[in-house]
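What follows is a single structure, written as structure tokens, with notes after it.
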Amino acid sequence: LKTTDWKELFAYAKVLGVAVCAMPNDIQSLRVCEKLGPDAYVIAAACFVEENMVTEIAKQKKPVILRIGGATLGEIEATANRIREQGNEDIILLHGFQSYPTKIENTRLRLIPSFKTIFGLPVGLADHIDAESHLALAVPLVALGLGANVIEKHVTHDRSLKGEDFESALNPSELKKLVSDIREIEKSLGP
């Protein structure tokens, strides 16, 4: 997409009241994002080595979601510390196996409470299991029970068109059901 397209999309999201998380992969894309004013940033594990970019993102004092799939504990710690050094404590770790679709045995939900204990940060789940599986709507609910603070699910307007990441993407009606179920499960967990 051109920068003008991104401007239009960001503006439309703001009109709808939708928060925008930007995931720049280099300084050049970060500069474009800064002009557009996202509500939060996402940093992929592959970008943890981009220390200057991580520091520049942290300086903006916006929430930062660290996608930790594929990162070592040391890399996660170093990146979280780099963000904290800039006075930004608004960090969420996003656990998830980065394959599409993710095999159920690779989801490893029990890591969620471990990551919370190790890093003292909120932890979420980036769920990429097969959207055709009945577990696509169940696994995020189990993650909530294990302490997940955030759930990431891909969504598409029509999975049958086989667009990007379609294997794990929910159709709108499935997403609506998942969100409804999450809200009910949150009630069941208590305060």
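Observations on the model:
- All helices (runs of 4 or more DSSP H) inside segment 31-120 with 2 or more residues being in contact (Cβ under 8 Å) with a residue 24 or more places away in the chain and open to solvent by 80 Å² or more (accessible area, probe 1.4 Å): 51-59, 73-84
- Answer residue from segment 38-52, given it is over 18 Å from the mean Cα position of the chain (by Cα) and not acidic (D, E) and is nearest to A19 (Cα to Cα) among those: N52
- Segment 137-153: number of residues that are touching a Ser or Thr at 6+ places or on another chain (Cβ under 8 Å) and either at pLDDT 95 or above or open to solvent by 40 Å² or more (accessible area, probe 1.4 Å) (or both): 1
- Residue among S160, S173 that alone is touching a Phe, Trp or Tyr at 6+ places or on another chain (Cβ under 9 Å) and part of a helix (DSSP H, G or I): S160
- Among the residues making up segment 168-181, those that are surrounded by 18 or more Cβ atoms within 10 Å (Cβ to Cβ) and in contact with a Pro (Cβ under 9 Å, 6 or more places away or on another chain) are S168, L178.
- Segment 1-25, residues that are outside any helix (DSSP H, G or I) and more than 18 Å from the chain's Cα centre (by Cα): L1, K2, G17
The values are calculated or read from the model by the stated rules, or taken from the named source; none is laboratory data. Keep in mind it's a predicted model, so treat the numbers as computed, not measured. Here Cβ is always computed from backbone atoms with ideal geometry, including for glycine, and neighbour counts include all displayed protein chains. Just so you know, the surface numbers come from the protein's heavy atoms only, side chains and all, with ligands and any DNA or RNA stripped out. Shrake-Rupley method; radii C 1.70, N 1.55, O 1.52, S 1.80 Å.
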